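The values are calculated or read from the model by the stated rules, or taken from the named source; none is laboratory data. Worth saying up front: this structure is predicted, and the values here are computed from it rather than measured. Note that we place each Cβ from the backbone using ideal geometry, even for glycine, and neighbour counts take in every protein chain shown. All accessible areas refer to the heavy atoms of the entire protein, side chains included, with ligands and DNA or RNA removed. Shrake-Rupley method; radii C 1.70, N 1.55, O 1.52, S 1.80 Å.
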Amino acid sequence: MVNIGFIKMGNLGMSQVINLIQDEIAAREGITVRVCGTGAKMGPTDAAGTESFKQWNADFVVMISPNAAAPGPTAAREIWKDVPCIVVSDGPTKKEAREALEQEGFGYIILPVDPLIGAKREFLDPVEMASFNSDAMKVLSNCGVVRLIQEELDKVTEQVASGKSGKDLELPHIFAKPEKCVESAGFANPYAKAKALAALHMAEKVAQVNFPACFMLKEVEQVCLTAAAGHEIMGAAAILATQAREIEKSNDTVLRQPHAKNGTLLKKVKLYEKPE
């Protein structure tokens, strides 16, 4: 049995499903999943609260949060440095910072395409937050991000199942730019792929628009206008991502990769095929 732990600090779009994608119909044997979450907050005090999760003895953990370089996630990595750990985050985006994570023994999947929400009280309420995350999930799922992460986590799970452990595990080190993500989606139609790639680029742009709204602008009108613009970009990206999948559906070329009970990845394209 492979024990996989997920530590969720704060929230990314990918946080919604990352603990579900290795067992999508709750029928996979050989793995057990547990989640430790700190809700929307991700400070050092919240990081300290994750230490009790060590009692579960995970074979490896996936730590997902915005901005892995922030004080909270950094403190959490210090707590978990003796356990194989894969960092999933929207940053750091600088090569030197990613190399530092690798040198410290951490795996990582950095997702600049997982967009920064317009987190200002003047603009954001629970409904707007949920709507934004649903748009983000459309892009992350239809445009290759979910499959990329699922495949990488499966690789580590397979290593543990084969008898590897601790520092012997080969952890991923991936900077998931739009071009890399879209290759994991398996599009057959080039126009569908182009729409998906456009959606990913738009999702990456959202952070550049929302960052000033969150951390720099002060006037209410500027904050609200800028954050609203960022969210409009995200909504438009979700439409493109949906259109990309609809093209594939119209051609009966949607790639599906369900897990067999033993964790093997099966594959099918035609709707009425059985996965093999």
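What the table below lists for this structure:
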quantity: Matching residues in the range 44-78 - criterion: being open to solvent by 10 Å² or more (accessible area, probe 1.4 Å), part of a helix (DSSP H, G or I) and touching a residue at least 40 places away in the same chain (Cβ under 8 Å); calculated: PHE53, TRP56
quantity: Which listed residue is touching a residue at least 40 places away in the same chain (Cβ under 8 Å) and either closer than 30 Å to ILE31 by Cα or open to solvent by less than 30 Å² (accessible area, probe 1.4 Å) (or both), from LEU255, LEU271, LEU240; calculated: LEU255
quantity: Extreme residue, most open to solvent (accessible area, probe 1.4 Å), among residues of the range 13-30 that are of a type in the set (A, V, I, L, M, F, W, C) and within 10 Å of the chain's Cα centre (by Cα); calculated: VAL17
quantity: Per-region count, the range 116-154, residues more than 16 Å from the chain's Cα centre (by Cα) and surrounded by fewer than 20 Cβ atoms within 10 Å (Cβ to Cβ); calculated: 12
quantity: Selection within the range 211-224 - open to solvent by 100 Å² or more (accessible area, probe 1.4 Å), in a helix (DSSP H, G or I) and over 16 Å from ILE117 (Cβ atoms); calculated: GLU221
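Quick grid of which residues meet (1) in contact with an Asp or Glu (Cβ under 7 Å, 6 or more places away or on another chain); (2) under 30 Å from ILE247 (Cβ atoms); (3) part of a helix (DSSP H, G or I):
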residue: ILE149; (1), (2), (3): no, yes, yes
residue: LEU153; (1), (2), (3): no, yes, yes
residue: THR157; (1), (2), (3): no, no, yes
residue: VAL160; (1), (2), (3): yes, no, yes
residue: LEU171; (1), (2), (3): no, no, no
residue: LYS180; (1), (2), (3): no, yes, yes
residue: ALA185; (1), (2), (3): no, yes, no
residue: ALA188; (1), (2), (3): yes, yes, no
